[in-house]
Amino acid sequence: MTMNRLLFLLLLMGAPLARAADYYVDCNYGSNGNPGTSTQQAWRTLLEVGISSFLPGDTVNLRRDCTWNETLTPPSSGTSGALIKIDSYGSGQAPRLTGYMPVAARWWTQVNGTNVWSATLYSSTSGLATVVQCGIRGFYCLTQPPSQLEYVRFGTLWGMAQDGEAELSRDHDFWYDSTNYVLYVYSTGGNPASYYSEVAPVVLSGESLLNLNGVSWLEVQHLQIDWFDSYGVQVQGAGDHLWLANMAANSQVENSTVPLGFYVHPTGTPLDIHLYDTDANMNYVGYHFDGCSGGGCNFELKNCRAYGNRTYGIVDNVQGAVNYDYCHLYGNYLATAIAVDVSGTPGPAAGAHNVAAQTAPWIRRWQRRPAYTTVTYDDPGLVQYSDTYVNGLLPIMSEKEIPLSIAVVTGGTYSQSIVGEVQGWVQAGWDINVHSVSHQYWNPPSTTPLQR
């Protein structure tokens, strides 16, 4: 058989002539000027993945021990016989996608000798962030400017958003100039990175860290996804035949009815979407399934863990299309301390191998700590005269030496009118906390003048 005849037969049979390619992304040593086709010629940013095209059978490899403050959006679909894969390479921790971006001390500049400090998060002239340890191993820079900053972490405390630079007057105050991409913070102790030990804005605000939009026949695995205020993993559009495995989506940000660890809401009638060996902890909902406009969909959730989500571990809003097995759901619905792990009508279908409800996770060892018990009084700010009742309760609690925790609603009808009283409770040393899911959703108010 001649070579030409063999080639003709291969074309008729649909045999692939192009060899599947491997691509590499390295946050430490890569460059977007490289072709990305070897570990020595790796790309640097996930943006480069999103603007490239891939063929069925191609694999995109992300370097382990790398951190990206970027969204990963696979642009291409594979086929039934040749999936497009996204995986890791090298040794160390799984590749990390995160909104958490600590600002290094050298990037802070004092504003006119005041207690206000500024840091530029993005430079339109260079196309990269001028903040954080750009070019230093283990850190990365932004490739697109943040359109908003809802949350800034000061050490272990969330900051208080203000409406402008002139409004910054107390420690932990911040304002983000979204026109010039500059973060301003108030710090009475000098350089904010030293005074607070760390200042870290959540820079991917309102975004999905892994966004699968209208793509099919993909396999994505080995990712650590955290510190997001919207979606960790989002599956949307007309996509099907997806395998997501060996990844965790743990938000740790309190933001109204998000974040969602895995938000699966494709259009059409997807029958082949699988989540294997995944974690969704410390979100608003761990796994949330919507969409499926055609009915008769099928989503498989196997070997999953959902711990400490503010509401449910799993929400199935697609008429029982979610099947979960070999899963462990524990400590969910923290808002009311009533253990409820799943929701929906009729809700997800449980397999025969799930860990029994309210079974505590196995740990290596317990560390004993003294018990701390408080009495909590709810709803000042939401219910009229609650503040008056608290003021009468405080002397009784002081006399009996009973610690009282006061749960204040910041967005209630009467919240602004009791600011002075709440400030007095804070200064007197009473424990003040903020109601979350159960009553009023917690969003940092911009003008409530409370001092820590």
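Summary table
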item: Subset of the range 261-272 (residues that are of a type outside the set (Asp, Glu) and in a loop (DSSP other than H, G, I, E, B)); result: 265, 266, 267, 268, 269, 270, 271
item: Single residue of the range 80-103 satisfying the filter (buried (at least 18 other Cβ atoms within 10 Å of the Cβ) and outside any strand (DSSP E or B)) that is nearest to the chain's Cα centre (by Cα); result: 99
item: Given (1) within 29 Å of residue 148 (Cα to Cα); (2) out of contact with any Leu (no Cβ under 8 Å at 6 or more places or on another chain), index of the condition residue 97 fails; result: (2)
item: Given (1) small (Gly, Ala, Ser); (2) modelled with pLDDT under 95; (3) over 17 Å from the mean Cα position of the chain (by Cα), index of the condition residue 256 fails; result: (3)
item: Qualifying residue in the range 400-408 (condition: farther than 24 Å from residue 259 by Cβ, modelled with pLDDT under 85 and of a type in the set (Asp, Glu)); result: yes
item: Scan of the range 390-414 for residues that are touching a Ser or Thr at 6+ places or on another chain (Cβ under 7 Å) and hydrophobic (A, V, I, L, M, F, W, C), ordered by number; result: 404, 407, 409
item: First in the range 163-178 and touching a residue at least 60 places away in the same chain (Cβ under 8 Å) and under 19 Å from residue 203 (Cα atoms), second anywhere and outside any strand (DSSP E or B) and small (Gly, Ala, Ser), Cβ under 6 Å, 6 or more apart; result: 163/446; 172/159
item: Spans of strands (runs of 3 or more DSSP E) in the range 273-364 with at least 2 residues small (Gly, Ala, Ser); result: 342-344
item: Total residues in the range 244-266, condition touching a Ser or Thr at 6+ places or on another chain (Cβ under 8 Å), surrounded by fewer than 24 Cβ atoms within 10 Å (Cβ to Cβ) and under 17 Å from residue 303 (Cα atoms); result: 3
item: Qualifying positions in the range 34-50 - more than 26 Å from residue 213 (Cα to Cα) and touching a Lys or Arg at 6+ places or on another chain (Cβ under 9 Å); result: 34, 39
item: The range 55-76: number of residues that are over 14 Å from residue 30 (Cβ atoms), surrounded by 19 or more Cβ atoms within 10 Å (Cβ to Cβ) and touching a Ser or Thr at 6+ places or on another chain (Cβ under 7 Å); result: 2
item: Any hit, the range 52-69, residues being in contact with a strand residue (DSSP E or B) (Cβ under 7 Å, 6 or more places away or on another chain), among the polar types (S, T, N, Q), in a loop (DSSP other than H, G, I, E, B) and within 18 Å of residue 240 (Cα to Cα); result: no
item: Test: residue in the range 75-88 that is of a type in the set (Asp, Glu) and at pLDDT below 95; result: no
item: Yes/no for residue 30 being assigned to a loop (DSSP other than H, G, I, E, B), within 28 Å of residue 231 (Cα to Cα), more than 25 Å from the chain's Cα centre (by Cα) and of a type in the set (Gly, Ala, Ser); result: yes
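The values are calculated or read from the model by the stated rules, or taken from the named source; none is laboratory data. Worth saying up front: this structure is predicted, and the values here are computed from it rather than measured. Please note: Cβ atoms are built from the backbone with ideal geometry, for glycine as well, and neighbour counts cover all protein chains shown.
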